[in-house]
Amino acid sequence: MANRNVPIPRRQLYIGGEWREPVKKNRIPIINPATEEIIGDIPAATAEDVDIAVEAARKAIARDDWGSTTGAQRAKYLRAIAAKVLEKKSVLATLESLDSGKTLFESAADMDDVAGCFEYYADLAEALDSRRKTPVNLNSDSFKTYVLREPLGVVGLITPWNYPLLMAIWKVAPALAAGCAAILKPSELASITCLELGEICREIGLPSGALNILTGLGPEAGGPLASHPHVDKISFTGSGPTGSKIMTAAAQLVKPVSLELGGKSPIVVFDDIDNLDIAAEWTLFGIFANTGQVCSATSRLIVQESIASAFLDRLLKWTKNIKISDPLEEDCKLGPVVSAGQYEKVLKFISNAKSEGATILYGGERPQHLKKGYYVQPTIITDVNTSMEIWKEEVFGPVLCVKTFKTEEEAIELANDTKYGLAAAVMSKDVKRCERFTKAFQTGIIWINCSQPTFNQLPWGGKKRSGFGRDLGEWGLESFLNIKQVTEYTSAEPWAFYKSPSRN
Ligand SMILES: NC(=O)C1=CN([C@@H]2O[C@H](COP(=O)(O)OP(=O)(O)OC[C@H]3O[C@@H](n4cnc5c(N)ncnc54)[C@H](O)[C@@H]3O)[C@@H](O)[C@H]2O)C=CC1
Ligand SMILES: NCCCC(=O)O
Ligand code: NA
């Protein structure tokens, strides 16, 4: 067991390079979902603090030490942050697990990914210097033109609790690489590691105001950020209803938004797979990793009828083998869900599925050996039809629903039978069939013979009700840049559109 006595730092808001008490001095308790205990508290920002942070960010952009930096200079800051994250990895990972219930193994992997993401965008920041100014050849003697890539300005980053630091960094790293000044508003359910990022920025000497971190409640801290007239963009990851509110607020000011809003992603398993165990493990990973609290979780298994019984049998054997325990315990592979609210919500989805006539093939309850904490057994639900809530709605917990199919056409129809469009997976050894599914899936992310592997280089985002815009890759950087065209008249001749008064 890792050291659960890691002290929880008592931080303030991180604004303008300093720790600053919220104007209204309110704080929000931190709850460890594995024990249900209060283990500390975080500051609760309100509109007054948002104003101060926006002002600090605007000043950073106006100052040469941030606003006039080259990409190469910003890359040095990003690499210094990455190095500090790795230096503090063990403590950060433990804090992440204590706060969110994430298994220590996954928290540690997240910290590696956080550092890797900063490193990746450091490379892109350096490369931006040579792309900052791109000449455009018009084949004209009269005009010289070029395109500038500039930082978009002050950006608001509103992020969720499922990967508390990693989801923040998917936005913070490209925003800083682009040269924006950012205000990060993490989820009130898990903010500890995002506040520790403030300490890291202070330690490495990131110019003040380049990154500001405001913890607090959604409507009180995130709301004023989304509607602030001096915030140039909002990048959001979280639930559909909140995304919709943010877009509505931003629309009043024609403020650009990017929204990453989760899904109900399918995994389609064909009977030509060579190895049931390999497919079973990917199916498990697709829904039970991070206790199913993953926006791209493949929560609908669509399996070919001819192997359904054998495949479910194998899936059950793998599922029974998952160690469910305190997330800090060695080999824990399934921790609690993040909060009491999420626990109630997941159990309600399961009981609704039962009342609608579905069968709980496995799980569906609290594990008997865990008396405290927000634990839900890994759950597999069969006898599902397409009008049921469990087929249609995002659970955001360890709950897999299963349907069978006979033909490829039927599988495609079932896979796309959702309002969401984030991710989809297909398992088959038929290359042509996988190509057909790649084309047919109405999503932004396709996995072939796997589910969930995620890489910094690749765009992340969806279509339909899963939102729009892309995190990660070069697309993540572009989303924080303003594209400015510059057109210069280089001819010595008059323009001669109007009649010249000197010729009268
Ligand atoms: N797609 C994803 O990655 C995620 C999906 N979810 C889904 O959403 C459900 C609800 O979870 P929540 O934590 O309540 O998600 P949420 O979408 O309300 O929270 C995400 C972020 O938005 C902020 N926020 C909330 N209301 C806001 C407002 N009016 N204006 C500006 N910012 C606001 C929150 O403080 C948090 O930082 C979950 O049960 C799950 O189904 C939750 C987290 C992540
Ligand atoms: N593997 C990262 C998933 C990110 C997300 O839930 O948005
Ligand atoms: Na928490």
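The values are calculated or read from the model by the stated rules, or taken from the named source; none is laboratory data. Only a predicted model underlies this, so the values are computations on that prediction, with no experimental measurement involved. FYI the Cβ positions are ideal-geometry reconstructions off the backbone, even for glycines, and counts take in every protein chain you see. All accessible areas refer to the heavy atoms of the entire protein, side chains included, with ligands and DNA or RNA removed. Shrake-Rupley method; radii C 1.70, N 1.55, O 1.52, S 1.80 Å.
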Full-stretch length increase - Lys406, Glu203 - with 0.36 nm per residue and alpha-carbon distance subtracted: 67.2 nm
Vicinal HN-Hα couplings computed from phi for the stretch 39-50 (Karplus, 6.51 cos²θ - 1.76 cosθ + 1.60; Hz; Gly/Pro x): 10, x, 8, 10, x, 10, 6, 10, 3, 4, 6, 4
Acute angle (nearest 10 degrees) that the helix 240-251 long axis makes with the longest principal axis of the chain, alpha-carbon atoms: 10
Lys133/Asp277 FRET efficiency (R0 56 Å; Cβ-Cβ; nearest 0.05): 0.55
Within the accessible area of the chain (1.4 Å probe), percent carbon and sulfur: 53
Share of alpha-carbon pairs per 10 Å distance bin for the chain, given as whole %: 4, 19, 27, 24, 15, 7, 2, 1, 1, 0
Estimated vicinal HN-Hα couplings, Hz - the stretch 176-184 in sequence order (Karplus 6.51, -1.76, 1.60; Gly, Pro = x): 5, 4, 6, x, 6, 10, 10, 10, 9
Extension gain, Ser502 back to Lys317 (0.36 nm per residue minus Cα-Cα distance, nm): 57.4 nm
Where Leu472, Leu316 fall by accessible area, highest first, once all protein chains stay in place (1.4 Å): Leu316, Leu472
Largest-first principal axis extents of the Cα set of the stretch 382-489 (Å): 68, 32, 25
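Taking a probe of 1.4 Å, how large is the accessible area per residue of the chain, in Å²?
On the way: 21330 Å² over 504 residues.
Per residue, the chain has an accessible area of 42 Å².
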Amide H contacts under 5 Å for Phe143, placed H, 5+ residues apart: Thr490
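Given N residues in the stretch 190-248, what is Rg(Cα) / (2.2 N^0.38 Å)?
Values: Rg = 13.3 Å, N = 59, 2.2 N^0.38 = 10.4 Å.
Taking the Cα Rg and dividing by 2.2 N^0.38 Å, one obtains 1.28.
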3J(HN,Hα) from dihedral phi, the stretch 356-372, Karplus parametrisation 6.51/-1.76/1.60, rounded to Hz, x for glycine, proline: 7, x, 6, 9, 8, 5, 8, x, x, 9, 6, x, 4, 7, 10, 7, 10
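Once you sort the root eigenvalues of the Cα gyration tensor of the stretch 18-133 as a ≥ b ≥ c, which label holds: rounded (a/c under 1.5), prolate (a/b larger than b/c) or oblate (the other case)? Let's see the in-between values first.
Details: a/c = 3.34, a/b = 1.29, b/c = 2.59.
The shape class here is oblate.
Only bridges with both residues in the chain count here: give the DSSP antiparallel percent, nearest 5. Numbers along the way, then the final one.
Numbers: 31 of 68 bridges.
That works out to approximately 45 percent antiparallel.
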Alpha carbon centroid spacing (whole Å) that separates the stretch 112-155 from the stretch 436-463: 26
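I want the antiparallel fraction of DSSP beta bridges within the stretch 273-429, as a percent rounded to 5.
On the way: 3 of 12 bridges.
Approximately 25 percent, going by the DSSP bridge assignments.
Over the chain, what relative contact order in percent results from Cα pairs under 8 Å that are six or more residues apart? If you can, show how the numbers build up before the last one.
Working: 1145 pairs, mean separation 90.2, N = 504.
Once divided by the residue count of the chain, the mean separation gives 18 percent.
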Placed amide H near Val303: partners under 5 Å, 5+ positions off or other chain: Val269, Lys403, Thr404, Phe405
Inter-centroid distance (Cα atoms) of the stretch 49-90 relative to the stretch 272-288, Å: 42
Where the Cα pairs of the stretch 329-455 fall when distances are cut into 10 Å bins, in %: 11, 35, 34, 17, 3
Amide hydrogen neighbours beyond the local backbone of Trp19, cut-off 5 Å, H modeled: none
